[in-house]
Amino acid sequence: MSIFRFLLIAGVMSVPAPAAGQETGVDLSAVTVRDAAGETAALGDLVDGPTIIHFWATWCAPCLEELPQLDAFAQGLEPGELVVVSVDTAGYERIATYLDDLGVGLESYQQIEGNVGGVFAILGYPSTVVVDGEGAVLWRMQGAVDWDDPGITGEIMAPLGALK
């Protein structure tokens, strides 16, 4: 079996930013999220420029390991450059307790309407995408990101820097 096929089956795939004019777009308004206070918004309302969107779940074992790294990485980001979304269907209290138990200070939204898997063609969690303000997907990885790896974080940040 080729390594590409193995990585695809395992749900781990990094795709660098497409060439200009080749971006694939998603309908960011097709997903509604809620914050810790219960306020709702379309995902598109949270994205007004180049943004990293990270999808995770409390039942996802790789998310348990990845979230503390993501939390540390997020300390160097500007407000609005990262949106974290849980796909859990249980109450928001479960998400908040999970993050507290991990010692993670990330603010997470919860998907409440729409399906991020369908909108973003996600096969598993965790998954991370970088989008521009119009919903063009500029980079994606299905599977855990090594947020301590400067090569990978450089790939993630490149579209943000290029679009600012």
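No value in this document is a laboratory result; all are computed from the given coordinates. Keep in mind the model is a prediction, meaning the values are calculated, not measured. Because the Cβ atoms are built from the backbone with ideal geometry, glycine has one as well, and the counts that use them run over all protein chains shown.
Observations on the model:
- For Gly124, residues with placed amide H under 5 Å, excluding near neighbours: none
- Model label points for Ala42 and Glu93, set 7 angstrom from Cα along the Cα-to-Cβ axis, are 3.2 nm apart.
- Distant-in-sequence amide contacts of Val84, defined by a placed amide H-H separation under 5 Å and a gap of 5 or more residues or a different chain, comprise His54, Tyr109.
- Dipole magnitude of region 91-164 about its Cα centre (Cβ charges: Lys, Arg +1; Asp, Glu -1), debye to nearest 20: 200
- Check: region 30-164 dipole with +1 on Lys, Arg Cβ and -1 on Asp, Glu Cβ, in debye: 320
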